[in-house]
Amino acid sequence: MSEGALRPSDLLAQFKQTGPRTRTHIRAAELLDNTVDGGDMDTLLQVTGCSSELQRPRCHTDCLSERYRSITGECNNRQYPRWGAANIQYSRWLPPEYEDVWGTPRGWDPEHAYHNFTLPPVRLVSQEVLYTHNDNISLDSTLSHLLVEWGQWIDHDVVQTPQSPSTAAFRTGADCTRTCSQDTPCFPIQIPLSDPRTGIQSCMPFFRSAPSCIGRPQPHRHREQLNAITSFVDASMVYGSSTSLASALRNHSCPLGSMALNSQHSDQDLAYMPFLSTHQENTTSCFQAGDSRANEHLGMIVLHTLFLREHNRLVKELHLLNPQWGPDTLYQEARKIMGAIHQILTWEQYLPRVLGESAISHLMPPYEGYNPEVDPSIANVFAAAAFRFAHVTVQPVVSRLGPGYTISPQHPPLPLHHSLFASWRIVQEGGIDPVLRGLLLSPAKLQTPGQMMVEELTERLFQAQGGMPLDLGALNLQRGRDHGLPGYSSWRRFCGLSVPNNASELADILGNVTLAHKFVVLYGTPHNIDVWVGAISEPALPGGRVGPLLACLLARQFRALRDGDRFWWEREGVFTSSQRKHLRTVSLSRIICDNSHITHVPADPFTRTESLEDMLACSHPLIPHLDLTPHRQPATVLNLN
């Protein structure tokens, strides 16, 4: 970065870093994917290395594996031990619709017709439908920007789609960051003639998602994509999804089972995450966390730091209650509580605000226990489209506030693109507190048909000295096409919703004639609309922030993540009834109080707080402490050391 040679695509690759096991899987899958078919499938699987990647893991049935989930997510389901584990393919709720039987992306051939119409360039869709000037936005009257950050935080717990590690075209050897020609893994985003960038650049680089090893599907070997992390809501972004990373993140010299901390800097005596690598004096490196995207922007760094501190706070409290426990027991018990905290905050606080109470009651019935027949793996449409809905609720400015939630001349507000990959700002500009105060007091952006995605995301994404910025809207659309996701109408039909056949039927669904007309001019037919842009364009359900299609897709995935998780916090035997009773009181505001220097917080940090008088002191009864006394040595807990 300091040499000015960094391109936005380099940053994109950096935060999609993968561990050794994922890299091994991708290498095998790419060999298989680029092998001319016709040989014996068993031999091909063996030679490429995919057969070893597809082997069934050996599951233990000892007390330890009954009590604690594995880091990799393997063996959560005894019968299907790879369900929900790291490094497995995404599940499919509908068959993919690629341009050919092998997995060529939709729109690869610009002349290829779908429903008698060709697909518009994704950058044109972004310009015509999504682009919103930074100053032309409405604010959400009820939700805070912390809710937006929480959505991405949970996304980083359940989804990581590695892009191909190859930076050169397999056939020609061309550098994907410098060529506008299509040759896997290069799938560049073409710049249309009407685009303001015409004459400056011809395309934006785009790498296809890495393929996953697949067994012997019939009749063709469709390309499938890989989830590099565990599907479960298990706080894997704190702990990692591989045993090697989980071990590297721990402080093995401490008897408390604590996580490793930064040895060079602290936040007024509170800890930072360790740096990824040794660095020269007077420079700041990237932070190391359980997820490689921790440094993507300041809001992510804040949440990573907060929950690293919370783990270390929990192990200290558990040690006081159970001085006989060794470091491994303390680590695992704290990790188990952290997983429960994330499940509770997501299902009880986050999802009702996103889906709305009526959709929750209809689509997310009360928990009835673990169902081993439910596959908790992440669906491709969720990863590549549905859970990207919150990109249209992101504010263009990162607000930073001083003590008392006042504007701080030392830490002024930042344009969003100045907060991307800026870990140094945390260390050198006041720690996590100014950003955290900003998240608590700032409202989310309200999404309306004319105000979709701020130009910070469509025109300045990962802007760096060495290259043209990217466009998040265009990237989302291209990713859906790369993954072969069927169009908008197919997903409406899948969810039992009406399917629009023309502009007037689409206008009825979207409640907006102008937007419906734009779509039909671009796509020719509502059937061809890319699922992500169609879904985010639907008006929100009462009390929620998403329309009927997104509510269906999100609820279906989160219900599977709950019902198909053997370690779900409400499941009988995971926690005692007394432990569950106290865990229900968990509060994100309390976690902020316990792990920052902030002294006043909202009772509900996901709700927009308009007046400082509505902030409560951390000592207020509405900000309860999590009582861990029910975790005092139960007879069943083993000391692992």
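The values are calculated or read from the model by the stated rules, or taken from the named source; none is laboratory data. Everything numeric here is computed off the predicted structure, so don't read it as measured data. Virtual Cβ from ideal backbone geometry, glycine too; neighbours counted across all protein chains shown.
From the list Asp140, Asp100, the lone residue that is outside any loop (DSSP other than H, G, I, E, B) and farther than 21 Å from Ser202 by Cβ is Asp140. Restricting attention to the range 194-210, the residues that are aliphatic (A, V, I, L, M) and under 26 Å from Thr104 (Cβ atoms) add up to 2.
Which residue is surrounded by the fewest Cβ atoms within 10 Å (Cβ to Cβ), if the candidates are limited to the range 416-466 and must be of a type in the set (Gly, Ala, Ser) and farther than 20 Å from Asn295 by Cα? Here the answer is Gly450. Based on this model, can you work out whether Trp83 counts as among the hydrophobic types (A, V, I, L, M, F, W, C), within 30 Å of His527 (Cα to Cα) and touching a residue at least 60 places away in the same chain (Cβ under 8 Å)? Against the criterion (among the hydrophobic types (A, V, I, L, M, F, W, C), within 30 Å of His527 (Cα to Cα) and touching a residue at least 60 places away in the same chain (Cβ under 8 Å)), Trp83 does not qualify. A Cβ distance below 7 Å, combined with a sequence gap of six or more or placement on separate chains, defines the contacts here; from the range 317-331, residues that are surrounded by fewer than 23 Cβ atoms within 10 Å (Cβ to Cβ) and among the polar types (S, T, N, Q) reach residues that are modelled with pLDDT of 95 or more and not in a helix (DSSP H, G or I) in the pairs Asn322/Arg632. When residues in the range 34-54 are screened for being buried (at least 20 other Cβ atoms within 10 Å of the Cβ) and modelled with pLDDT under 75, 2 of them pass.
Of the candidates Arg82, Arg92, Arg123, the single residue that is under 30 Å from Lys445 (Cα atoms) and of a type in the set (D, E, K, R) is Arg123.
Screening the range 62-80 for residues that are surrounded by fewer than 18 Cβ atoms within 10 Å (Cβ to Cβ) and touching a residue at least 12 places away in the same chain (Cβ under 8 Å) and picking the one that is nearest to Ile189 (Cα to Cα) gives Tyr80. Each residue in the range 623-634 was checked for being in contact with an Asp or Glu (Cβ under 9 Å, 6 or more places away or on another chain) and either closer than 13 Å to Ile337 by Cα or without any contact (Cβ under 8 Å) to a residue 24 or more places away in the chain (or both), and 3 pass. When we screen Glu368, Glu333 for residues that are in a loop (DSSP other than H, G, I, E, B) and of a type in the set (D, E, K, R), the only hit is Glu368.
Taking the criterion of being of a type in the set (Val, Ile, Thr) and touching a Lys or Arg at 6+ places or on another chain (Cβ under 9 Å), the only residue of the range 407-431 that qualifies is Ile407.
If you go through the range 507-547 and pick out every residue that is among the small types (Gly, Ala, Ser), surrounded by fewer than 24 Cβ atoms within 10 Å (Cβ to Cβ), in contact (Cβ under 8 Å) with a residue 60 or more places away in the chain and not in a loop (DSSP other than H, G, I, E, B), you end up with 0. Note on the range 384-414: among residues that are touching a helix residue (DSSP H, G or I) at 6+ places or on another chain (Cβ under 8 Å), part of a loop (DSSP other than H, G, I, E, B) and free of Cβ contacts under 8 Å to residues at least 40 places away in the same chain, the one that is surrounded by the most Cβ atoms within 10 Å (Cβ to Cβ) is Arg400. Checking Val520 against (1) farther than 24 Å from Thr393 by Cβ; (2) of a type in the set (Val, Ile, Thr); (3) within 23 Å of the chain's Cα centre (by Cα): exactly one of these is not met. Which one? (3) is the only condition that Val520 fails.
Taking the range 138-174 as the range and being within 19 Å of Ala383 (Cβ to Cβ), of a type in the set (S, T, N, Q) and surrounded by fewer than 22 Cβ atoms within 10 Å (Cβ to Cβ) as the test, the residues that pass are Gln152, Thr161. Counting only residues that are part of a loop (DSSP other than H, G, I, E, B), at pLDDT 95 or above and either aromatic (Phe, Trp, Tyr) or under 22 Å from Gly547 (Cα atoms) (or both), the range 455-496 holds 5 of them. Check the range 341-356 and report whether any residue there is under 14 Å from Tyr239 (Cα atoms), touching a residue at least 40 places away in the same chain (Cβ under 8 Å) and basic (Lys, Arg). There is no residue in the range 341-356 that is under 14 Å from Tyr239 (Cα atoms), touching a residue at least 40 places away in the same chain (Cβ under 8 Å) and basic (Lys, Arg).
For Ile154, the conditions (1) part of a loop (DSSP other than H, G, I, E, B); (2) in contact with a helix residue (DSSP H, G or I) (Cβ under 9 Å, 6 or more places away or on another chain) all hold with the exception of (1).
List pairs: first residue in the range 488-506 and under 13 Å from Ala516 (Cβ atoms), second residue surrounded by fewer than 17 Cβ atoms within 10 Å (Cβ to Cβ) anywhere in the structure, Cβ distance under 7 angstrom, at least six positions apart or on different chains. Listed by first residue and then by second, the contacts come to Ala503/His517.
Taken over the range 426-454, the criterion of being assigned to a helix (DSSP H, G or I) and either touching a helix residue (DSSP H, G or I) at 6+ places or on another chain (Cβ under 7 Å) or not β-branched (Val, Ile, Thr) (or both) is satisfied by Ile426, Gln428, Asp433, Pro434, Val435, Leu436, Arg437, Gly438, Leu439, Leu440, Leu441. Take the residues in the range 117-137 that are in contact with a helix residue (DSSP H, G or I) (Cβ under 8 Å, 6 or more places away or on another chain), assigned to a loop (DSSP other than H, G, I, E, B) and at pLDDT 95 or above; name whichever of them is surrounded by the most Cβ atoms within 10 Å (Cβ to Cβ). Result: Leu119. Within the range 284-299, residues that are modelled with pLDDT of 90 or more and basic (Lys, Arg) sit with their Cβ atoms under 6 Å from residues that are surrounded by fewer than 24 Cβ atoms within 10 Å (Cβ to Cβ) and in a loop (DSSP other than H, G, I, E, B), at 6+ positions apart or across chains, in these pairs: Arg293/Phe15.
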